[in-house]
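Please read the structure below before turning to the comments.
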Amino acid sequence: MRRLSARIRPALAAAVVAALVLVGCTDDGDDRDGFRPGAADAGDPYVPGRGNGGYDVSAYRLAVRYDPASDRLTGRTTVTATATAPLSRFNLDLVGLDVSEVTVSGAGARHRRDGNELVVTPARGVPEGAGFTVEVAYAGVPTAVRDGVLGSGGWLHTEDGAIALGQPESAATWFPVNDHPSDKATYHIEVTVPDALEALSNGVPGDRTTAGGWTTWRWREDVPMASYLSFLVIGDYRVRTGTHQGRPMVTAVAADLPADGPAARSLARTGEIADFLAARFGPYPVAGYGGVAVADDRIGYALETQSRPVYGPGFFRRGEPNPSVVVHELAHQWFGNSVALARWQDIWLNEGFATYAEWLWAEHQGGPSAQRAFERRYATIDWSKPSLDPGPAEMFGDGVYQRGALAVHALRRTVGDETFFRILRGWTAERRDGTATTADFVGHAERVANRSLRPLLDAWLSGASAPALP
């Protein structure tokens, strides 16, 4: 993600701390015959109440229908998962939609709402290690996430459709989900909308069918994806399709934006920029290329939605293309999407590398060198704000983005260019499609460089004063 400016970025109201919470005992059959409830929280204090325990999702299959005239969504989601504990019941995250039916592996299951949790009690306990499916039928008027770190997210009704987007959460506003990046899965998405509208989402486009004034759009992302990277944009858009490096390229620009304006010209450089990054980070790691430029001012950020980033209108208001924001979001396809976070406190692994990619691109385009960008930021950064574990209110602060990039360049200066880029390419290859922590990255860097790097990275990521220049 890239913020439009510090002035428009709402801060999280307060830092909160949550322990791993289990659903309390009820008559749902807790601890029956050796089975027990799954955790109702992922245990991540940055997103209390989000995510769930007791199972690992491998795939989501979504079929939703949306009528902008009534702002009503109907959906049926199938979740394919494996139990990581013997489950008497488990939770899914789902915000503000009414559930009419739940089945588990084809058998009817009891369900109830507990705030933003859907609590599911299967007819029989699910043994540890067993695969199972959950099918949920639901409907209602989807809602925005009004207390998110960035302010505007979740499902946003627009004049001509809707935008479902946000970080660190948004997915649960339109489908039941284990809403934490540590549980990545594949996605098949079917979206039915009135004929005049486009419906854009992640991955590879599939067949499109029309009947009775409605069109069903199909998308599939077979590369495992964190839930917050899923998105849906419905409305009047100019869509361009093609291929790049043998993969689908789909870009879309809101009809309210100029056909050959700065947003369209910026997105037109997507393939060129992706190739530039691949030469430094390794092969492009996801299923498709592209981007979506929206015209809604509530989207004051750009987000690295997998394979097809979404860009808010503020990035293109100066009348000139803005390729640097495209660089940032495409860099996330490696750092943050392919190699995802195991926990939000390590978000610098996403944003520090994406910011550093902007420095590399500027140098490539004849602008300031990465070294010059490093020197400028070093002179102005607030060293009291760490990159690692910055606290929920600073998840999208300069300590994460700019100080994170400083740490990346300090590593480069210390180990030299050849070793540095071997570290990056090895990291994206070895951790591809998985999750990681800062400790994982430090360990990897030390193995490749064959030297101790922890004191260096500790100082640049977490020290309370300016580290010595390498």
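The values are calculated or read from the model by the stated rules, or taken from the named source; none is laboratory data. This structure is a prediction, so every number in the text was calculated from the model and none was measured. Backbone-built Cβ (ideal geometry, glycine too); neighbour counts: all protein chains shown. Note: areas computed on protein heavy atoms with side chains; ligands, DNA, RNA excluded. Shrake-Rupley method; radii C 1.70, N 1.55, O 1.52, S 1.80 Å.
Data for the structure
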| quantity | calculated |
| --- | --- |
| Residue list for segment 126-138, filter: open to solvent by less than 20 Å² (accessible area, probe 1.4 Å) and either within 27 Å of Glu169 (Cα to Cα) or among the small types (Gly, Ala, Ser) (or both) | Phe132, Val134, Val136, Ala137, Tyr138 |
| Yes/no for Arg269 being in contact with a Ser or Thr (Cβ under 6 Å, 6 or more places away or on another chain) and of a type in the set (Lys, Arg) | no |
| Long-range neighbours under 7 Å by Cβ, at least six apart or interchain, first residue within 15 Å of Val57 (Cα to Cα) within segment 118-146, second polar (S, T, N, Q) and assigned to a loop (DSSP other than H, G, I, E, B) | Glu128/Thr84; Phe132/Ser105; Thr133/Ser105 |
| Counted residues, segment 295-309 - those being touching a helix residue (DSSP H, G or I) at 6+ places or on another chain (Cβ under 6 Å) and in a loop (DSSP other than H, G, I, E, B) | 6 |
| Subset tally (residues that are in a strand (DSSP E or B) and open to solvent by 20 Å² or more (accessible area, probe 1.4 Å)) for segment 47-74 | 9 |
| Neighbours by Cβ (under 7 Å, 6+ apart or cross-chain): first from segment 356-378, over 17 Å from Leu424 (Cβ atoms); second part of a loop (DSSP other than H, G, I, E, B) | Ala362/Pro368 |
| Condition met for Ala410 (surrounded by 20 or more Cβ atoms within 10 Å (Cβ to Cβ) and in contact with a helix residue (DSSP H, G or I) (Cβ under 9 Å, 6 or more places away or on another chain)) | yes |
| All positions within segment 161-185 that are closer than 24 Å to Arg3 by Cβ and among the acidic types (Asp, Glu) | Glu169, Asp179 |
| Segment 380-395, residues that are surrounded by fewer than 23 Cβ atoms within 10 Å (Cβ to Cβ) and either of a type in the set (S, T, N, Q) or in a helix (DSSP H, G or I) (or both) | Thr380, Ser384, Pro392, Ala393, Glu394 |
| Output for segment 267-283, where each listed residue is open to solvent by 10 Å² or more (accessible area, probe 1.4 Å) and either hydrophobic (A, V, I, L, M, F, W, C) or not in a loop (DSSP other than H, G, I, E, B) (or both) | Ala268, Glu272, Asp275, Phe276, Ala278, Ala279, Arg280 |
| Inter-residue pairs, beta-carbon under 9 Å, first at positive phi and in segment 86-107, second open to solvent by 30 Å² or more (accessible area, probe 1.4 Å) and of a type in the set (Ser, Thr, Tyr), 6+ apart | Gly96/Thr143; Ser105/Thr133; Gly106/Thr133 |
| Residue satisfying condition, being of a type in the set (Asp, Glu), closer than 24 Å to Val310 by Cα, out of contact with any strand residue (DSSP E or B) (no Cβ under 6 Å at 6 or more places or on another chain) and open to solvent by 30 Å² or more (accessible area, probe 1.4 Å), within set Asp346, Asp398 | Asp398 |
| Among residues of segment 76-135, those that are among the acidic types (Asp, Glu), closer than 15 Å to Gly51 by Cα and touching a strand residue (DSSP E or B) at 6+ places or on another chain (Cβ under 7 Å), counted | 2 |
| Elements of type strands (runs of 3 or more DSSP E) contained in segment 75-125, each with 1 or more residues being open to solvent by 60 Å² or more (accessible area, probe 1.4 Å) and either in contact with a helix residue (DSSP H, G or I) (Cβ under 7 Å, 6 or more places away or on another chain) or not hydroxyl-bearing (Ser, Thr, Tyr) (or both) | 98-104, 110-114 |
| Which listed residue, of Val327, Val292, Val286, is over 16 Å from Ser230 (Cα atoms) and either at pLDDT 95 or above or part of a strand (DSSP E or B) (or both) | Val327 |
| Of the criteria (1) farther than 30 Å from His180 by Cβ; (2) open to solvent by less than 30 Å² (accessible area, probe 1.4 Å), which one Glu375 fails | (2) |
| Only listed residue being of a type outside the set (S, T, N, Q) and open to solvent by less than 10 Å² (accessible area, probe 1.4 Å), chosen from Phe315, Phe335 | Phe335 |
| Tally of residues being within 15 Å of Asp458 (Cα to Cα), in contact (Cβ under 8 Å) with a residue 12 or more places away in the chain and surrounded by fewer than 20 Cβ atoms within 10 Å (Cβ to Cβ) across segment 413-439 | 2 |
| Wholly within segment 193-234, strands (runs of 3 or more DSSP E) carrying at least 1 residues that are open to solvent by 10 Å² or more (accessible area, probe 1.4 Å) and under 18 Å from Pro181 (Cα atoms) | 214-225 |
| Residue match in segment 59-70 (condition: out of contact with any strand residue (DSSP E or B) (no Cβ under 6 Å at 6 or more places or on another chain) and of a type in the set (S, T, N, Q)) | yes |
| Meets criteria (crowded, with 24+ Cβ neighbours inside 10 Å, among the polar types (S, T, N, Q) and in contact (Cβ under 8 Å) with a residue 24 or more places away in the chain) for Ser182 | no |
